[in-house]
Amino acid sequence: MAIKKRHLMLGNLACVHGAIYAGMRFFAGYPITPSTEVAEGCARELPKIGGKFIQMEDEIGSIAAIVGASVAGLKSMTATSGPGYSLMVENIGYAYMTETPVVVINVQRGGPSTGMPTKGSQADTMQARWGTHGDYTAIAVAPSTVQECLTETIRAFNLAERFRTPVTVLLDEVIAHSREMVTIPEKGEFKVYDRVKPTCTPEEYVPFEMTPNGVSPMAGFGEGYRFNVTGLTHDTMGFTTNRPEEVSPKLDKLANKILKYRDETVKMRTEMMDGAEIAFISYGSVSRAALQAVMLARKAGVKVGTVQLYTIWPFPEKQLREICAGCKKVIVGELNMGQMIYEVERVLPNNIKIHSIQRYDGEFLTPMQLLEKLDEVL
Amino acid sequence: MATVKETNQAEKQKSDVMLQYLRPKKKFPSVWCAGCGNGTVMGAIIRAIDKLGYSKDEVVMVSGIGCSSRMPVYLDFSSLHTTHGRALPYATGVKFAKPHLKVIVITGDGDALAIGGNHFIHACRRNIDITAILINNYIYGMTGGQGSPTTPSKAFSTTTPYGNVEKHFNPSELAMAAGATFVGRTTVYHVPQMEKMITQALEHKGFSLVEAVSNCHTYFGRLNRQGDPVAMLKMFKDLAVPAARAKNMTPEELEGKLVTGVLQDIEKTEFCDEYQKVVDAHRGVK
Ligand SMILES: Cc1ncc(C[n+]2csc(CCOP(=O)(O)OP(=O)(O)O)c2C)c(N)n1
Ligand code: SF4
């Protein structure tokens, strides 16, 4: 087997390579630390492969442009940080409602407001789930290494295309701005999923048709299928409706097309959970510290393991319950004032004691801090 | 003078053309008040497209939110009815992704110039090949008659109950200043002119704006005692000054008038073309 070429690369740039691997051909964005290298990478790389890059006048324009481009048939992405994500959420809601696949990278920084542009955070965890108004089900994924920035971005596109929905990639500044060795996968090494296109005649086309799996085939503009797309609640033809018998099925569709297959959206990594009485639960950069802490603690004879979530939303309820079934205690580690812990509390049974360690001063959680916490709860 | 029979025939032909472009599966009637200028603008757009012989599959209509922005829903093209103020960036995405598509934006004065004002000037600046039809009725129709960025000083709306204390935008001048390469103003009284202007705008390469002054008799007309649709159309007729004549008039003489006609028609490089050159250079295309 040929030895693969490895590149020293920034997390943000690995996202670009992952996106291109997944077929992204349209990027619109607005510069914001700590995500800017994603836009810069796209500006450099996309013209080389016939793709499109545009710097918009703001983040609202950026999300609007990528949704437009996706409706026109191109796999599309934008990247931002908290202040920009906040500006985007109305139109991310439009993508939910119109069932338009797009990928939004949010390199989280401290907040609220302008907060700490150059400091890491995981304080948008809940925003990625509940950011836009109304009822919907969100998908968000989170890498913890630079290589995973690449692979999780591929997964984000696959989920977006499969379920016709926006997907958020939750990075934190620490990973986005780390440089690590990355292998760019060969063609065919990872499955790349493309949206299902209609095979019927234009006359037969029902753009928001109720299908057994909840996902309607998606034509692109200009491909001979003329249809209406609106953010107003609509019937299966895409026309506005207020009729109760059409409204709830539409909203059910938005949720169920994902929830029915939620097991297939789940991705998590468990280490040393065999016989573990205590488990760290975390995502992103915190998981790296947790892994180190657990290795050290195991050497000292402590029965502790770690659970790293790659899929944050939908929250992996069943899987987490199963994995933690033998635990007496868990420690939820987060770079915020406590967000994911609400989900863990909701999901785990009462006999498991839930502890937390949170950091929101812009620094990341170190293995030493996690070990100290472990000591405390033992 | 055309005979009654001739006029009837011409009208029938017009409505036959309209029927060809209305969406067969959309449930009518429309949401518009009887006599609203939006329908007049829709007719002019259809006839312009028909005259140019575009196929229905190559036309994409994008709109924001407002009474005017409901138009694309009724027409048998691909349509993207987006969020308030954002039609232009959505349209930018569609056009840039598939430059062969004819992208037409329908927007209102509030949609384009208040919440969407930033996108408006940047679309003009970028000179992307999109035709925007801005239906300027001086008020927020959809939400029930609030003041807009084009509501004239002293005019009444539900949020300017004592008369507007603000200054207003002139959409066409704003577009020209921002770099739009084709700009024209017309009114719902001047239907043949509107049709021709939309045809020119569609044929123009680059960003084109047609400002279609229109009647919202339900709110603007009623609150400002301008009467029914017919009275408002007559008012537009009286206020209109052709651009050629306006050249020789002083600002004082033009105060409150509507300068109509093509106001700007220039050539500049177009955004999608320029980007394609970058792509071609990478691929060694000469
Ligand atoms: C973000 C947001 N803010 C406010 C509204 C409410 N809204 C809907 S239409 C409209 C004004 C429309 O006025 P205009 O663009 O002039 O169009 P018209 O109805 O007069 O054709 C407003 C304020 C909205 N839909 N979305
Ligand atoms: S409210 Fe005004 S703009 Fe809206 S449909 Fe009625 S007349 Fe037209």
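The values are calculated or read from the model by the stated rules, or taken from the named source; none is laboratory data. These numbers were taken from a predicted model, which means no experiment stands behind them. Methodologically, a virtual Cβ is constructed for each residue, glycine included, from the backbone with ideal geometry; neighbour enumeration extends over all protein chains shown.
Summary of computed values
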| item | result |
| --- | --- |
| Total residues in segment B:197-221, condition in contact (Cβ under 8 Å) with a residue 40 or more places away in the chain, within 16 Å of ligand 2 (Cβ to nearest atom) and either over 21 Å from residue B:125 (Cβ atoms) or surrounded by fewer than 24 Cβ atoms within 10 Å (Cβ to Cβ) (or both) | 9 |
| Matching entry among A:196, A:247, A:192 (being more than 11 Å from every other protein chain (Cβ to nearest Cβ), outside any loop (DSSP other than H, G, I, E, B) and surrounded by fewer than 18 Cβ atoms within 10 Å (Cβ to Cβ)) | A:247 |
| Matching entry among B:160, B:150 (being touching a Lys or Arg at 6+ places or on another chain (Cβ under 9 Å) and either within 30 Å of residue A:54 (Cα to Cα) or in contact (Cβ under 8 Å) with a residue 12 or more places away in the chain (or both)) | B:160 |
| Among residues of segment A:17-29, those that are crowded, with 23+ Cβ neighbours inside 10 Å and touching a residue at least 40 places away in the same chain (Cβ under 8 Å), counted | 8 |
| Residue B:144 vs. criteria within 14 Å of ligand 1 (Cβ to nearest atom), out of contact with any Asp or Glu (no Cβ under 6 Å at 6 or more places or on another chain) and more than 14 Å from chain A (Cβ to nearest Cβ) | yes |
| Candidates A:67, A:16, A:89, A:38 - the one that is within 24 Å of residue B:119 (Cα to Cα), in contact with a Gly (Cβ under 6 Å, 6 or more places away or on another chain) and of a type in the set (A, V, I, L, M, F, W, C) | A:89 |
| Subset of segment A:60-95 that is of a type in the set (S, T, N, Q) and crowded, with 24+ Cβ neighbours inside 10 Å - its residue that is farthest from the other protein chains (Cβ to nearest Cβ) | A:81 |
| The listed residue being within 16 Å of ligand 2 (Cβ to nearest atom), buried (at least 24 other Cβ atoms within 10 Å of the Cβ) and under 26 Å from residue B:18 (Cβ atoms), out of B:141, B:110 | B:141 |
| Residue check, residue A:272 on the phi > 0 side of the Ramachandran plot and assigned by TED's automatic domain parsing to the domain that holds residue A:367 | yes |
| Search result, residues across segment A:31-57 that are more than 21 Å from residue A:101 (Cβ to Cβ) and within 14 Å of another protein chain (Cβ to nearest Cβ) | A:43, A:44, A:47, A:48, A:55, A:57 |
| Yes/no for residue B:44 being touching a residue at least 60 places away in the same chain (Cβ under 8 Å) and under 25 Å from residue B:142 (Cα atoms) | yes |
| Meets criteria (within 14 Å of chain A (Cβ to nearest Cβ), more than 14 Å from the chain's Cα centre (by Cα), within 27 Å of residue A:234 (Cα to Cα) and of a type in the set (D, E, K, R)) for residue B:57 | yes |
| Among (1) within 12 Å of chain A (Cβ to nearest Cβ); (2) in contact (Cβ under 8 Å) with a residue 24 or more places away in the chain; (3) within 16 Å of ligand 2 (Cβ to nearest atom); (4) closer than 29 Å to residue A:224 by Cβ, the one test that residue B:84 misses | (4) |
